[in-house]
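The values are calculated or read from the model by the stated rules, or taken from the named source; none is laboratory data. None of these values were measured; they are calculated from a predicted model. Quick reminder, even Gly has a Cβ in these numbers, built from the backbone with ideal geometry, and neighbours come from all protein chains shown. To get the accessible areas, we keep the full protein, side chains included, count just its heavy atoms, and leave off ligands, DNA and RNA. Shrake-Rupley method; radii C 1.70, N 1.55, O 1.52, S 1.80 Å.
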Amino acid sequence: MTRVTPPEKFFGHEMGEERKIARWDRIVEYFYRLESESDVLQVRDMGETTEGNPFLLVIISSADNLRDLEHFRKVNNQISDPRGLTEEAIEELVREGRAVVCQSMSLHATEIGGTQMAPELAFDLLTDDSEEVERILDNVIFLMVPCFNPDGQLMVADWYEQYAGTEFEGCPLPWLYHKYAGHDNNRDAFMLNLVESSYMGEILFRQWRPQAYQDHHHMGSYGARFYVAPYCDPIRPHADPLIWREQAWYGAHMAYKLEQSGRQGILNAAQFPGWGHLGFHWITAYHNTAGMLTESANAKLASPKYIHSDQLEGASPKTMPDYAPQVNFPNPWMGGWWTLKDIVEQKKISSLALLDLCARNKETVLYNAYLKAKNQTERGRQSGPRAYVIESAGHDPLTTHKLVKLLCNQGIEVKRSDGEFTADGRAYPAGTYVVFLAQPKMGLVRTLLGRTVYPNTHWSYNPDGTPTVFDTASDTVAEYMGVQVQPVDECPDGQFVPVGMPRRPEGKVCSSDCGYVLDPRLNDSFAAVSRLLDAGAEVRRLSSPVEVDGDMLPAGAFWIEPDGVKPNITEKIARELGLTFMGSSSAAQCPSAIVRRRRVGIYQRFWGGNADEGWTRFIFDEWGIPYTTITDADVQDADSLSDQIDVLILPSDPVHMLVDIENVDSSRAKRKAYTDSMPPEYHSGMGEDGLKSLGKFVRAGGRLVAFDAAWAAAARACDLKVENVVEDAGPKEFFTHGSTLRCEVDVSHPVALGMPEEALVFSWDSATFSIVEGMHAERYRVVARYPQSNILQSGRLIGESRIAGRAALLSIDVERGDVVLFGFRPQHRAQTHGTYKFLFNCIF
């Protein structure tokens with residue numbers, strides 16, 4: 001066999017060497033080199049990333065295992081879904097199978113240690129002839145994703161190299177380290193919006209279904225040196241109990257191996273709760289995979305960081321209040337130089353430890369996989385609800401289709417009724433989707449589709465009584481998407497066919513001499529209108545309801561004259577979007593106005609970028625809506641701004657992040673330390689002059705759209721007589737932190753056309769408005785408001801009385817222009833399809 005090339009020979013330095021970052025393109029070359037030199041490693045290119053770089057899956061196992069890889073994959077999938085198999089058949093599969101372990105590196109691109117460690121980990125597995133490594137290769141199929149975010153890795157490596165040797169060496173990247181998502185890419189595990197997420201979903205949820213998954217991250221520099229599993233309390237419901245036991249089992253072995261290797265500052269069972277956002281290492285629990293993460297203390301990218309002992313601090317008021325020994329943190333690190341090499345070494349130890357435990361206990365790991373699938377299926381069969389019913393003809397059937405596709409991409413079994421059926425005394429038509437709970441991913445089904453209420457227990461508060469939630473309090477995707485899902489306790493009786501992967505609905509162009517109508521309730525109608533306008537078509541919007549084929553469409557429908565566009569264009573749009581261009585003889589008699597797609601600008605800042613801005617761009621790119629990126633210099637010239645755009649969107653951001661980050665009282669010392677670390681050309685903030693310019697832009701006829709926290713900058717810019725009624729409320733008085741809230745919608749308002757009269761909005765301790773204008777209150781219109789009671793749908797709500805009956809969305813006339821203030825994020829993480837129309841109506 002050809003001698004395997006060591007990483008230090010290929011890259012010219014050791015992995016983790018100070019001031020050295022191996023770029024992704026070279027790492028890709030190295031893995032292909034290893035594949036050519038060894039028969040225990042295979043490289044699979046999953047496809048291109050968002051910006052065209054290769055996304056690799058590296059599979060490491062014995063040569064015999066790799067030769068029969070497809071066989072072992074099928075064995076593993078049978079164990080993961082054992083319905084219809086006998087106990088004897090399972091026992092044989094367990095003996096025959098291999099434990100499948102997946103580990104991914106550096107999802108967050110500034111957390112460079114995982115990807116820098118990956119070549120060395122692979123080399124060790126290929127060349128170490130120890131009994132431990134031989135056992136791993138024989139008993140484990142190791143799926144390694146050496147870089148979860150290749151685009152960001154290249155950004156960070158080049159940024160570091162640009163400032164190496166200067167006073168800014170090791171400073172943070174000033175923009176998002178993914179084209180759209182930045183740090184939020186970890187929050188995309190259930191939607192799978194990003195192409196990188198879709199590759200990972202294919203590996204984890206459908207193709208392989210590993211027994212264990214570990215995602216390698218970094219954290220702040222001043223707490224523990226390294227966190228490993230398990231999580232701490234609270235835990236989210238609906239996972240099989242074995243999941244939590246497995247995490248503790250794997251984590252204990254990793255912590256033991258780290259201590260054995262002389263590593264200090266190792267923490268487990270603290271800081272990171274079992275109830276977190278449904279990122280990849282959390283959502284996997286509901287796929288019956290023991291999902292875990294490591295978190296290493298940060299250096300300064302590849303530069304060492306000196307830390308004094310008195311700078312070290314506890315990681316969490318609840319679980320590690322002081323930087324002192326405790327049962328899950330017995331050996332504190334006491335300060336000194338902290339390096340990338342430290343990070344690489346402890347990640348490698350933890351990675352090998354996880355593989356080692358699975359190899360030593362292969363049959364136990366596989367039998368547990370069977371038990372989890374079997375027990376979850378039985379729980380779904382015996383306890384309510386027995387199923388969730390998703391009506392295919394809801395408010396927005398195309399968004400319903402997207403929800404069903406999302407569920408199928410998660411590996412959830414979805415069925416469709418062949419005929420009519422009854423459940424809980426209600427009749428449903430043929431073609432209705434049904435998700436039965438008697439399936440291995442029962443916990444995932446309940447988590448994504450069922451109403452979720454965050455627990456009110458000891459673990460839900462810090463010792464001082466402050467409520468806590470790690471990221472979102474709920475990830476109920478059907479609610480986010482505005483799709484009605486009905487839980488039923490009675491198991492539906494009828495003929496149901498598995499959907500597989502649903503095909504896009506077949507769009508069509510109806511025969512008509514009188515023009516075509518598009519339904520304003522469909523989000524995709526806006527994508528169609530954008531394409532029609534690009535093709536030079538004249539599109540009108542109807543200001544009154546119109547009857548089409550016996551269906552009364554609400555005000556806001558789009559009408560295209562029959563000779564206003566070439567048939568091949570409408571047919572192409574219908575086919576690609578699944579839309580129906582409906583014929584209508586009455587639309588021409590309805591009052592209407594010509595649709596103009598306003599020129600859109602999206603404000604973008606530095607200071608690490610704003611994921612809310614990135615996700616807004618993502619949605620516009622997906623819907624084919626052109627936009628211009630607007631920076632501080634553009635904002636500060638009102639005349640130039642008016643020449644470029646008609647609408648300016650301010651993504652959610654505190655006012656100091658938009659105006660002047662250095663002029664803020666809270667955490668001024670920390671902020672100054674951060675800003676001083678950045679090159680001056682990447683300082684950001686529109687300043688008071690920028691606010692004045694925004695006001696001038698609006699008064700001259702522009703539209704300013706502000707999401708959530710950005711309301712304050714818009715109000716200052718335009719001197720709006722509006723107050724945020726929860727602005728001064730602390731978390732003990734008002735708290736939602738990622739919940740869905742009910743609101744009532746004025747569907748007659750242009751911003752709300754096509755919306756239902758009752759909707760769910762996503763709230764993250766969000767703004768809620770009170771109008772304090774006395775002289776000209778008629779200029780202020782409430783588009784959506786919270787009801788007087790029963791506001792919470794899913795998540796957590798403290799302080800309901802503060803927002804009861806108050807405005808969640810305002811439209812305000814300001815001389816020739818107007819301002820739209822969202823007290824929520826209508827496009828949050830490209831997940832909240834149910835409120836997209838509010839945003840689209842601001843543009844068309």
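Residue by residue, here is whether (1) at pLDDT 95 or above; (2) part of a helix (DSSP H, G or I); (3) among the β-branched types (Val, Ile, Thr); (4) over 23 Å from residue 380 (Cβ atoms) holds:
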position	(1), (2), (3), (4)
180	yes, no, no, yes
214	yes, no, no, yes
221	yes, no, no, yes
224	yes, no, no, yes
243	yes, yes, yes, no
259	yes, yes, no, yes
267	yes, no, no, yes
270	yes, no, no, yes
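When you look at residue 789, is it of a type in the set (Gly, Ala, Ser), open to solvent by 10 Å² or more (accessible area, probe 1.4 Å) and either in contact with a Ser or Thr (Cβ under 8 Å, 6 or more places away or on another chain) or modelled with pLDDT of 95 or more (or both), yes or no?
Values: of a type in the set (Gly, Ala, Ser): yes; open to solvent by 10 Å² or more (accessible area, probe 1.4 Å): yes; either in contact with a Ser or Thr (Cβ under 8 Å, 6 or more places away or on another chain) or modelled with pLDDT of 95 or more (or both): yes.
Yes; evaluated as a whole, the condition is true for this residue.
For region 489-498, state whether one or more residues are surrounded by fewer than 23 Cβ atoms within 10 Å (Cβ to Cβ), touching a Leu at 6+ places or on another chain (Cβ under 6 Å) and at pLDDT 95 or above.
no
Scan region 787-810 and report the pairs whose first residue is under 21 Å from residue 468 (Cβ atoms) and free of Cβ contacts under 8 Å to residues at least 40 places away in the same chain and whose second residue is in a loop (DSSP other than H, G, I, E, B) and open to solvent by less than 30 Å² (accessible area, probe 1.4 Å), with Cβ atoms within less than 6 Å and a gap of 6+ or a chain change.
800/791
Modelled with pLDDT under 95, within 19 Å of residue 709 (Cβ to Cβ) and not polar (S, T, N, Q) - does that describe any residue in region 587-607?
yes
Which members of region 23-33 meet the condition of being under 17 Å from residue 161 (Cα atoms), surrounded by fewer than 16 Cβ atoms within 10 Å (Cβ to Cβ) and not basic (Lys, Arg)?
As a first pass, look at region 23-33 and keep what is under 17 Å from residue 161 (Cα atoms): 23-27.
Narrowing the set further to residues that are surrounded by fewer than 16 Cβ atoms within 10 Å (Cβ to Cβ) leaves 25-26.
If the condition is that a residue be under 17 Å from residue 161 (Cα atoms), surrounded by fewer than 16 Cβ atoms within 10 Å (Cβ to Cβ) and not basic (Lys, Arg), then 25 is the only one that fits.
Could you look through region 630-647, keep only residues that are part of a loop (DSSP other than H, G, I, E, B) and under 22 Å from residue 821 (Cα atoms), and pick out the one that is modelled with the lowest pLDDT? Walk me through it before giving the result.
Quick first cut of region 630-647, residues part of a loop (DSSP other than H, G, I, E, B) only: 631, 636-637, 645-646.
Next, only the ones that are under 22 Å from residue 821 (Cα atoms) stay: 631, 636, 645-646.
Details: 631: 96, 636: 92, 645: 97, 646: 97.
Ranking the qualifying residues of region 630-647, first place goes to 636.
Could you list, in sequence order, the residues of region 244-299 that are polar (S, T, N, Q) and either within 26 Å of the chain's Cα centre (by Cα) or closer than 13 Å to residue 230 by Cβ (or both)? It would help to see each step written out before you state the result.
Within region 244-299, the subset polar (S, T, N, Q) is 247, 260-261, 264, 268, 271, 284, 288-289, 294, 296, 298.
Result: 247, 268, 271, 284, 288, 289, 294, 296, 298.
Considering each of 103, 78, 116 in turn, give the residue that is of a type outside the set (Phe, Trp, Tyr), in contact (Cβ under 8 Å) with a residue 24 or more places away in the chain and out of contact with any strand residue (DSSP E or B) (no Cβ under 6 Å at 6 or more places or on another chain). Spell out how you get there, then give the answer.
Working: 103 fails: out of contact with any strand residue (DSSP E or B) (no Cβ under 6 Å at 6 or more places or on another chain); 78 fails: in contact (Cβ under 8 Å) with a residue 24 or more places away in the chain.
Every option except 116 fails the conditions.
If I filter region 426-444 down to residues being in contact with an Asp or Glu (Cβ under 8 Å, 6 or more places away or on another chain) and open to solvent by 20 Å² or more (accessible area, probe 1.4 Å), which single residue comes out as nearest to residue 188 (Cα to Cα)? Break it down into steps so the answer makes sense when it comes.
Here is the first cut: in region 426-444, the residues in contact with an Asp or Glu (Cβ under 8 Å, 6 or more places away or on another chain) are 427-430, 432-433, 435-436, 438-441, 443.
Remaining after also requiring open to solvent by 20 Å² or more (accessible area, probe 1.4 Å): 427, 429-430, 436, 438.
Numbers: 427: 35, 429: 33, 430: 33, 436: 25, 438: 26 Å.
Going through the qualifying residues, I end up with 436.
Could you identify the single residue in 328, 288 that is in contact with a Pro (Cβ under 8 Å, 6 or more places away or on another chain), more than 23 Å from residue 110 (Cβ to Cβ) and open to solvent by 10 Å² or more (accessible area, probe 1.4 Å)?
Working: 328 fails: in contact with a Pro (Cβ under 8 Å, 6 or more places away or on another chain).
After ruling out the rest, the residue left standing is 288.
Please work out which residue is nearest to residue 590 (Cα to Cα), limiting yourself to region 504-523 and to residues that are touching a helix residue (DSSP H, G or I) at 6+ places or on another chain (Cβ under 9 Å) and charged (D, E, K, R). So that I can check it myself, show each step before the final result.
Going residue by residue through region 504-523, those that are touching a helix residue (DSSP H, G or I) at 6+ places or on another chain (Cβ under 9 Å) are 504-509, 514-523.
If we keep only those that are charged (D, E, K, R) as well, we get 504, 506, 508, 519, 521.
Details: 504: 32, 506: 28, 508: 23, 519: 15, 521: 18 Å.
Among those that are touching a helix residue (DSSP H, G or I) at 6+ places or on another chain (Cβ under 9 Å) and charged (D, E, K, R), it is 519.
Each row is one residue, and each column tells you yes or no for (1) under 23 Å from residue 214 (Cβ atoms); (2) assigned to a helix (DSSP H, G or I); (3) acidic (Asp, Glu).
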{"site": "148", "(1), (2), (3)": "yes, no, no"}
{"site": "157", "(1), (2), (3)": "no, yes, no"}
{"site": "160", "(1), (2), (3)": "no, yes, no"}
{"site": "169", "(1), (2), (3)": "no, no, yes"}
{"site": "172", "(1), (2), (3)": "no, no, no"}
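Select from region 194-208 the residues that are of a type in the set (Phe, Trp, Tyr) and part of a helix (DSSP H, G or I) and write down the one among them that is least open to solvent (accessible area, probe 1.4 Å). Before the answer, list the steps.
Taking region 194-208 as the starting set, the residues that turn out to be of a type in the set (Phe, Trp, Tyr) are 199, 205, 208.
The next check asks that each one be part of a helix (DSSP H, G or I); those that pass are 199, 205.
Details: 199: 28, 205: 0 Å².
For region 194-208, the residue satisfying everything is 205.
Determine the pairs where a residue that is at pLDDT 95 or above, located within region 367-395, has a partner that is among the acidic types (Asp, Glu) with Cβ atoms under 7 Å apart, the partner being 6 or more residues away or on another chain.
368/246; 372/240; 373/81; 375/240; 376/240; 385/489; 386/489; 386/490
Scan region 17-31 for residues that are among the basic types (Lys, Arg) and over 10 Å from residue 154 (Cβ atoms) and jot them down.
Initial filter on region 17-31 (among the basic types (Lys, Arg)): 19-20, 23, 26.
Within region 17-31, 19, 20, 26 qualify.
For region 1-22, give me the residue count where each residue is more than 30 Å from residue 171 (Cβ to Cβ), outside any loop (DSSP other than H, G, I, E, B) and open to solvent by less than 20 Å² (accessible area, probe 1.4 Å). Before the answer, list the steps.
Quick first cut of region 1-22, residues more than 30 Å from residue 171 (Cβ to Cβ) only: 1-6, 9.
Checking the rest, the ones that are also outside any loop (DSSP other than H, G, I, E, B) come to 9.
Subsequent filtering for residues that are open to solvent by less than 20 Å² (accessible area, probe 1.4 Å) retains none.
Result for region 1-22: 0.
Please list, ordered by residue number, the strands (runs of 3 or more DSSP E) wholly in region 730-841 having 2 or more residues that are among the hydroxyl-bearing types (Ser, Thr, Tyr).
Numbers: elements: 739-745, 758-763, 769-771, 780-785, 792-794, 807-814, 817-822.
Filter on region 730-841 gives 739-745.
Quick grid of which residues meet (1) of a type outside the set (Lys, Arg); (2) farther than 19 Å from residue 116 by Cβ; (3) modelled with pLDDT under 95; (4) touching a helix residue (DSSP H, G or I) at 6+ places or on another chain (Cβ under 8 Å):
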{"site": "314", "(1), (2), (3), (4)": "yes, yes, no, no"}
{"site": "320", "(1), (2), (3), (4)": "yes, yes, no, no"}
{"site": "334", "(1), (2), (3), (4)": "yes, yes, no, yes"}
{"site": "339", "(1), (2), (3), (4)": "yes, no, no, no"}
{"site": "350", "(1), (2), (3), (4)": "yes, no, no, yes"}
{"site": "354", "(1), (2), (3), (4)": "yes, no, no, yes"}
{"site": "357", "(1), (2), (3), (4)": "yes, yes, no, yes"}
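In region 266-280, what residues are surrounded by 23 or more Cβ atoms within 10 Å (Cβ to Cβ) and within 21 Å of residue 338 (Cα to Cα)?
Residues satisfying the conditions are 266, 267, 268.
With 815, 773, 758 as the choices, which residue is free of Cβ contacts under 8 Å to residues at least 24 places away in the same chain and open to solvent by 10 Å² or more (accessible area, probe 1.4 Å)?
Numbers: 815 fails: free of Cβ contacts under 8 Å to residues at least 24 places away in the same chain; 773 fails: free of Cβ contacts under 8 Å to residues at least 24 places away in the same chain.
758 is the lone residue from the list that is free of Cβ contacts under 8 Å to residues at least 24 places away in the same chain and open to solvent by 10 Å² or more (accessible area, probe 1.4 Å).
Could you grab me the full set of residues in region 44-65 that are among the polar types (S, T, N, Q), within 25 Å of the chain's Cα centre (by Cα) and surrounded by fewer than 20 Cβ atoms within 10 Å (Cβ to Cβ)?
Of region 44-65, the ones among the polar types (S, T, N, Q) are 49-50, 53, 61-62, 65.
Remaining after also requiring within 25 Å of the chain's Cα centre (by Cα): 49-50, 53.
Hits for region 44-65 are 50, 53.
For region 696-729, what are the residues that are part of a strand (DSSP E or B) and over 28 Å from the mean Cα position of the chain (by Cα)?
In the first step, residues of region 696-729 are kept if they are part of a strand (DSSP E or B); the result is 703-707, 722-724.
Those that are part of a strand (DSSP E or B) and over 28 Å from the mean Cα position of the chain (by Cα): 703, 722, 723.
Among all residue pairs at least 6 apart or on different chains, which show Cβ distances below 6 Å where the first residue, located in region 14-25, is acidic (Asp, Glu) and the second is open to solvent by 70 Å² or more (accessible area, probe 1.4 Å) and at pLDDT 95 or above?
14/8
Scan region 384-414 for residues that are farther than 25 Å from residue 759 by Cβ and open to solvent by 50 Å² or more (accessible area, probe 1.4 Å) and report the count.
Within region 384-414, residues that are farther than 25 Å from residue 759 by Cβ and open to solvent by 50 Å² or more (accessible area, probe 1.4 Å) number 2.
Could you check how many residues of region 609-629 are in a loop (DSSP other than H, G, I, E, B) and farther than 16 Å from residue 646 by Cα? Walk me through how you get there before you give the answer.
Looking only at region 609-629, we keep the residues that are in a loop (DSSP other than H, G, I, E, B), and these are 609-610, 624-627.
Adding the requirement that they be farther than 16 Å from residue 646 by Cα leaves 609-610, 624.
The number of residues fulfilling the criteria is 3.
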